[in-house]
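**Student:** This is the structure I have questions about; it appears just below.
The values are calculated or read from the model by the stated rules, or taken from the named source; none is laboratory data. From a predicted model like this one, the values you see are computed outputs, not experimental measurements. Reconstructed Cβ throughout: ideal geometry from the backbone, glycine too, with neighbour counts over all protein chains shown. Just so you know, the surface numbers come from the protein's heavy atoms only, side chains and all, with ligands and any DNA or RNA stripped out. Shrake-Rupley method; radii C 1.70, N 1.55, O 1.52, S 1.80 Å.
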Amino acid sequence: MYIYDDYDQKIVDQRVAQYRDQTRRYLAGELTDDEFRPLRLQNGLYIQRLAPMLRVAIPYGHLRSAQVRKLAELARKYDKGYVHFTTRQNVQYNWPALENVPEMLAELATVQMHGIQTSGACIRNTTSDQFAGVAHDEIVDPRPWCEIIRQWSTFHPEFAHLPRKFKIAVNGAAEDRAAVLVHDIGINVKLNAAGEVGFEIYVGGGLGRTPMIGDLIKPWLEPKHLLTYLNAVLRVYNRYGRRDNKYKARIKILVKAMTPEAFAAKVEQEWAFEKDGPQTLTDAEIARNHRFFTAPAYETLPADDAEFVAAKAANPAFARWVERNVFAHKVPGYAAVTLSLKKTGVPPGDATDAQLDDVANLADRFSFGEVRVSHGQNLILADVKQSQLFALWEEAKRIGFATPNIGLLTDVICCPGGDFCALANAKSIPVAQAIQERFDNLDYLFDLGEIDVNMSGCINACGHHHVGNIGVLGVDKNNAEYYQITLGGRQGADAKIGKVIGPSFAQEEMPDVMSKIIDVFVANREGEERFIDVFDRIGAEPFKAKVYEGKPIRKEKADV
Amino acid sequence: MSNQLIINRDIVDNRWTRVVPDAEGGVSVPSEGAILVPYQYWLGHRDELAGREVAICFAPDDEPESLPVDANTFAMIACDFPVFTDGRGFSIGRLLRVRYGFTGELRAVGDVFKDTLNYLARCGFTAFEVRADKDINEAIKGIDDFTEFYQSSVDVPNPLFLRRPVTA
Ligand code: HEM
Ligand code: SF4
């Protein structure tokens with residue numbers, strides 16, 4: 001894990017001082033609302049429906065146990081005793097008082113944390129694979145590259161006020177768990193035939209109002225040029241991205257307007273001036289960053305621990321948890337464990353201060369003191385010995401984090417929606433809960449296999465509904481909350497935007513609608529086929545027929 | 001209107017008269033003294049302005065690439081920030097310094113106040129026409145909001161990784 005030196009610490013400390021002064025001036029009337037807004041947003045502070053909301057950065061989703069304890073402490077001291085983990089691998093406080101935020105940031109700085117660039121029109125926190133460094137299918141560890149990007153993007157003076165938010169994701173595994181194709185810049189770290197590292201650069205993906213899959217603009221970029229190339233992309237965007245219309249300001253609109261080819265050519269032209277400049281990475285710097293992400297002190301273990309295998313055979317509930325929540329590790333005898341924050345009845349992604357303290361203890365006891373956040377809004381202990389999985393499972397059950405549903409229908413990804421978010425058209429948490437309640441039978445859930453359900457309370461798509469196999473979008477219809485269904489979306493290397501199936505539904509209809517969709521899937525399924533494969537085979541029609549059966553045919557414009 | 005500004009960390013009197021188009025786009029240039037005119041205006045009126053002490057002001061959508069003369073023809077170049085959240089001027093400043101070798105006074109005008117000075121300075125700006133309704137003595141402190149930086153900038157071209165002592 002990356003550890004700050006005096007330079008990193010000084011930068012974060014100076015930010016705390018700067019923000020303290022900004023807050024003071026705002027409260028004293030020396031900064032207007034319009035002036036303060038962009039400043040506070042770049043520190044993660046929103047003004048929401050019920051209270052301010054503070055978003056804290058978790059660079060590429062990595063936390064140490066001491067940091068988790070600090071998050072818990074702040075939840076107790078300054079909030080209502082819980083936090084919310086987001087699809088951007090960050091964490092949010094829903095109830096801080098504006099006057100307390102400088103103090104919260106000062107406390108976070110003591111554990112090398114902050115709210116820098118977690119919001120606002122700047123380069124946001126870089127995200128990555130939650131299994132980075134341990135995944136059995138990893139080609140190159142993306143974390144050193146994420147860290148290099150983190151440093152370059154932090155307070156980049158030229159890109160402090162971009163046309164719009166800017167998100168970068170990095171993936172280094174065979175399977176893409178970082179959703180690189182739906183980011184402003186998506187990077188796949190690759191190896192060529194000679195065993196050299198290089199990057200594949202995608203630009204212009206994103207969800208929100210105009211969902212788009214990114215375009216490959218650079219099939220192979222040498223590592224030393226990473227930052228100069230990113231600089232060139234950002235400069236083209238900063239200068240030519242639209243600023244007249246907030247809804248057309250993302251880089252995806254620019255790339256589309258120029259065509260990906262012309263955009264790539266413009267970047268090359270810009271890069272020609274930057275290339276080999278002072279920001280060119282040195283071997284020493286690349287090596288320095290790699291040193292923070294070396295393997296922990298793994299023991300030499302057999303590939304299959306005998307006790308673990310026996311426990312699975314003897315205990316079906318444990319076996320079920322292992323099947324869903326335990327991920328294959330690249331080191332023999334180890335496993336990566338997902339702690340599910342998707343227990344029925346709890347808002348997806350929420351954790352209490354006590355649970356956080358418990359997780360910190362579990363990390364110390366079972367996983368070298370590290371915790372990760374996934375973009376599926378769950379927590380991960382990445383380095384657990386197989387022989388300790390049973391003990392961990394028992395502890396996780398006690399905390400309420402052992403629901404064996406990762407990747408299943410109840411592992412709903414869900415934005416805060418109308419309960420917290422001022423932009424929402426509809427609530428999303430109660431709908432997620434109603435769906436979880438409807439599908440509360442574990443055997444049935446298991447039989448259904450992998451289904452991504454993603455929900456957003458409005459078109460901004462914070463819950464990634466476009467890339468859910470089943471997407472749910474809150475829409476406003478004559479001032480009432482309605483829900484529109486998309487089917488067929490997926491993330492990963494073959495990412496696709498789902499298609500709206502028809503008119504939207506009232507909240508109370510949603511569990512039935514879900515049941516009907518699932519019934520069609522089950523009726524058409526061959527063997528163990530996944531939902532998405534059935535959908536690809538039979539198309540949307542059978543789903544539409546069932547869901548709208550007996551409904552008067554209403555005409556409604558799709559709200560996409 | 002206060003007629004002071006920050007140049008190279010000093011608060012000094014402004015000797016340039018800034019010429020701003022009126023609502024209809026009309027420009028009226030005072031008959032004497034040093035003038036700061038919009039770049040587009042200068043492009044169209046170069047001959048008339050010859051012999052005068054002239055500086056140009058880039059708007060956010062102006063392209064320094066299109067400057068038909070050496071940037072150092074000018075003793076001063078300004079960039080307008082109509083709103084501080086329009087970051088195009090940052091790139092223009094940086095291009096003028098790094099790509100076009102401009103060594104004169106680079107001035108930020110418009111929505112300029114304490115919280116933007118640090119970024120501006122790092123993009124090569126050496127002069128700051130702080131908004132008239134803001135306290136210039138307070139604003140000047142903003143230049144040093146940060147004293148250590150990760151990335152390459154105009155004032156400190158080497159990124160931190162070239163300056164940081166490398167410990168094994
Ligand atoms: C509660 C306060 C929040 C507000 C006001 C907010 C605001 C927004 C807005 C305005 C957009 C659309 C941006 C655009 O398309 O240009 C957006 C997109 C997004 N937000 Fe949020 N958001 C909030 C919470 C969250 C949370 C809790 C998450 C994660 C759970 C999240 C993750 C995202 C993601 C992933 C996108 C999609 C971006 C894309 O790919 O285009 N946001 N948000
Ligand atoms: S999708 Fe809409 S409702 Fe949900 S968090 Fe984002 S902005 Fe708010």
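**Student:** Listed residues A:Gly208, A:Gly186; which is within 16 Å of ligand 1 (Cβ to nearest atom), at pLDDT 95 or above and either in contact with a Pro (Cβ under 6 Å, 6 or more places away or on another chain) or not in a helix (DSSP H, G or I) (or both)?
**Tutor:** From the options A:Gly208, A:Gly186, the qualifying one is A:Gly186.
**Student:** Here is a follow-up. Within the range A:4-29, can you find the residues that are loosely packed, with under 14 Cβ neighbours inside 10 Å, more than 10 Å from chain B (Cβ to nearest Cβ) and in a helix (DSSP H, G or I)?
**Tutor:** A:Arg24, A:Leu27
**Student:** Let me ask something additional. Consider only pairs whose beta carbons are under 9 Å apart and that are at least six residues apart or on different chains; among these, list those whose first residue lies in the range A:269-294 and is more than 11 Å from chain B (Cβ to nearest Cβ) and whose second residue is at pLDDT 95 or above and exposed (fewer than 12 other Cβ atoms within 10 Å of the Cβ).
**Tutor:** A:Phe292/A:Ile3
**Student:** Any chance the range A:209-220 includes a residue that's within 14 Å of another protein chain (Cβ to nearest Cβ), under 29 Å from A:Asn378 (Cβ atoms) and of a type outside the set (S, T, N, Q)?
**Tutor:** No, the range A:209-220 contains no residue that is within 14 Å of another protein chain (Cβ to nearest Cβ), under 29 Å from A:Asn378 (Cβ atoms) and of a type outside the set (S, T, N, Q).
**Student:** A further question on this structure: Considering only residues of the range A:326-356 that are open to solvent by 40 Å² or more (accessible area, probe 1.4 Å) and of a type in the set (Lys, Arg), which is farthest from A:Gly418 (Cα to Cα)?
**Tutor:** A:Lys330
**Student:** What's the total number of residues in the range A:440-458 that are open to solvent by less than 10 Å² (accessible area, probe 1.4 Å), away from ligand 2 (no atom under 16 Å from the Cβ) and outside any helix (DSSP H, G or I)?
**Tutor:** Matching residues across the range A:440-458 total 1.
**Student:** Ok, one more. Limited to the range A:74-116, what total is found for residues that are away from ligand 1 (no atom under 14 Å from the Cβ) and in contact with a strand residue (DSSP E or B) (Cβ under 8 Å, 6 or more places away or on another chain)?
**Tutor:** Qualifying residue count, the range A:74-116: 13.
**Student:** Now a separate question. In the range A:132-144, how many are under 11 Å from A:Tyr60 (Cα atoms), open to solvent by less than 10 Å² (accessible area, probe 1.4 Å) and touching a strand residue (DSSP E or B) at 6+ places or on another chain (Cβ under 8 Å)?
**Tutor:** Number satisfying all stated conditions: 2.
For every residue, the table says whether it meets (1) out of contact with any His (no Cβ under 9 Å at 6 or more places or on another chain); (2) assigned to a loop (DSSP other than H, G, I, E, B); (3) among the aliphatic types (A, V, I, L, M).
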residue: A:Val101; (1), (2), (3): yes, no, yes
residue: A:Ala106; (1), (2), (3): yes, no, yes
residue: A:Gln112; (1), (2), (3): yes, yes, no
residue: A:Arg150; (1), (2), (3): yes, no, no
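**Student:** If we scan the range A:412-435, do we find a residue that is more than 16 Å from ligand 2 (Cβ to nearest atom) and either open to solvent by 40 Å² or more (accessible area, probe 1.4 Å) or in a loop (DSSP other than H, G, I, E, B) (or both)?
**Tutor:** no
**Student:** Looking at A:Cys462, is it modelled with pLDDT of 95 or more, out of contact with any Lys or Arg (no Cβ under 6 Å at 6 or more places or on another chain), near ligand 2 (Cβ under 8 Å from one of its atoms) and hydrophobic (A, V, I, L, M, F, W, C)?
**Tutor:** Answer is no for this residue.
**Student:** Quick one: what pairs do we get from the range B:30-49, first residue within 15 Å of B:Val20 (Cα to Cα) and surrounded by 12 or more Cβ atoms within 10 Å (Cβ to Cβ), second modelled with pLDDT of 95 or more and among the acidic types (Asp, Glu), C-beta under 9 Å, 6+ apart or different chains?
**Tutor:** What qualifies is B:Ala34/B:Glu53; B:Ile35/B:Glu53; B:Pro38/B:Asp62; B:Pro38/B:Asp80; B:Tyr39/B:Asp62; B:Gln40/B:Asp62.
**Student:** For the range A:235-265, which residues satisfy the criterion of being within 12 Å of chain B (Cβ to nearest Cβ) and open to solvent by 30 Å² or more (accessible area, probe 1.4 Å)?
**Tutor:** Scanning the range A:235-265 gives A:Tyr240, A:Arg242, A:Arg243, A:Asp244, A:Lys246.
Listed here are the residues, each with its yes/no results for (1) at positive phi; (2) within 16 Å of ligand 2 (Cβ to nearest atom); (3) touching an Asp or Glu at 6+ places or on another chain (Cβ under 7 Å).
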{"position": "A:Arg320", "(1), (2), (3)": "no, no, no"}
{"position": "A:Val331", "(1), (2), (3)": "no, no, no"}
{"position": "A:Gly345", "(1), (2), (3)": "yes, no, no"}
{"position": "A:Pro348", "(1), (2), (3)": "no, yes, no"}
{"position": "A:Thr352", "(1), (2), (3)": "no, no, no"}
{"position": "A:Ser367", "(1), (2), (3)": "no, no, yes"}
{"position": "A:Arg372", "(1), (2), (3)": "no, no, no"}
{"position": "A:Ile380", "(1), (2), (3)": "no, no, no"}
{"position": "A:Phe390", "(1), (2), (3)": "no, no, no"}
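**Student:** Just one of the numbered conditions (1) facing chain B (nearest Cβ under 10 Å); (2) open to solvent by less than 20 Å² (accessible area, probe 1.4 Å) is not true of A:Asp34; which one?
**Tutor:** Going through (1) facing chain B (nearest Cβ under 10 Å); (2) open to solvent by less than 20 Å² (accessible area, probe 1.4 Å) one by one, A:Asp34 breaks only (2).
**Student:** So, one more: Take the range B:67-82 and flag every residue that is without any contact (Cβ under 8 Å) to a residue 12 or more places away in the chain and either among the small types (Gly, Ala, Ser) or surrounded by 13 or more Cβ atoms within 10 Å (Cβ to Cβ) (or both).
**Tutor:** The one that is without any contact (Cβ under 8 Å) to a residue 12 or more places away in the chain and either among the small types (Gly, Ala, Ser) or surrounded by 13 or more Cβ atoms within 10 Å (Cβ to Cβ) (or both): B:Thr73.
**Student:** Right, here's the next one. Would you be able to tell me the number of residues in the range A:148-205 that are within 14 Å of another protein chain (Cβ to nearest Cβ) and either surrounded by fewer than 23 Cβ atoms within 10 Å (Cβ to Cβ) or not acidic (Asp, Glu) (or both)?
**Tutor:** Qualifying residue count for the region: 18.
Okay, residues lined up against (1) free of Cβ contacts under 8 Å to residues at least 60 places away in the same chain; (2) of a type in the set (Asp, Glu); (3) within 16 Å of ligand 2 (Cβ to nearest atom):
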{"position": "A:Gly195", "(1), (2), (3)": "yes, no, no"}
{"position": "A:Glu200", "(1), (2), (3)": "yes, yes, no"}
{"position": "A:Arg209", "(1), (2), (3)": "no, no, yes"}
{"position": "A:Lys218", "(1), (2), (3)": "yes, no, no"}
{"position": "A:Leu221", "(1), (2), (3)": "yes, no, no"}
{"position": "A:Lys224", "(1), (2), (3)": "no, no, no"}
{"position": "A:Tyr229", "(1), (2), (3)": "yes, no, no"}
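**Student:** Here's another thing I want to ask about it. On the basis of being at pLDDT 95 or above and over 30 Å from A:Thr228 (Cβ atoms), does A:Pro302 make the cut?
**Tutor:** yes
**Student:** Follow-up. Being of a type in the set (Ser, Thr, Tyr) and either closer than 24 Å to A:Asp358 by Cβ or under 16 Å from the mean Cα position of the chain (by Cα) (or both) is the requirement here; does A:Tyr46 meet it?
**Tutor:** So A:Tyr46 fails the test.
**Student:** Same structure again: In this structure, is A:Gln89 assigned to a loop (DSSP other than H, G, I, E, B), of a type outside the set (A, V, I, L, M, F, W, C) and open to solvent by less than 10 Å² (accessible area, probe 1.4 Å)?
**Tutor:** Yes: the conditions hold for A:Gln89.
**Student:** Of the numbered conditions (1) among the hydrophobic types (A, V, I, L, M, F, W, C); (2) within 17 Å of the chain's Cα centre (by Cα); (3) more than 12 Å from chain A (Cβ to nearest Cβ), B:Phe84 satisfies every one except a single condition; which is it?
**Tutor:** Going through the list (1) among the hydrophobic types (A, V, I, L, M, F, W, C); (2) within 17 Å of the chain's Cα centre (by Cα); (3) more than 12 Å from chain A (Cβ to nearest Cβ), B:Phe84 breaks only (3).
**Student:** Of the numbered conditions (1) open to solvent by 40 Å² or more (accessible area, probe 1.4 Å); (2) part of a helix (DSSP H, G or I); (3) within 12 Å of chain A (Cβ to nearest Cβ), B:Gly93 fails exactly one; give the number of that condition.
**Tutor:** For B:Gly93, the exception is condition (1).
**Student:** So, of the residues in the range B:128-168 that are touching a residue at least 60 places away in the same chain (Cβ under 8 Å) and part of a loop (DSSP other than H, G, I, E, B), which turns out to be farthest from the other protein chains (Cβ to nearest Cβ)?
**Tutor:** Taking the candidates together, the pick is B:Glu129.
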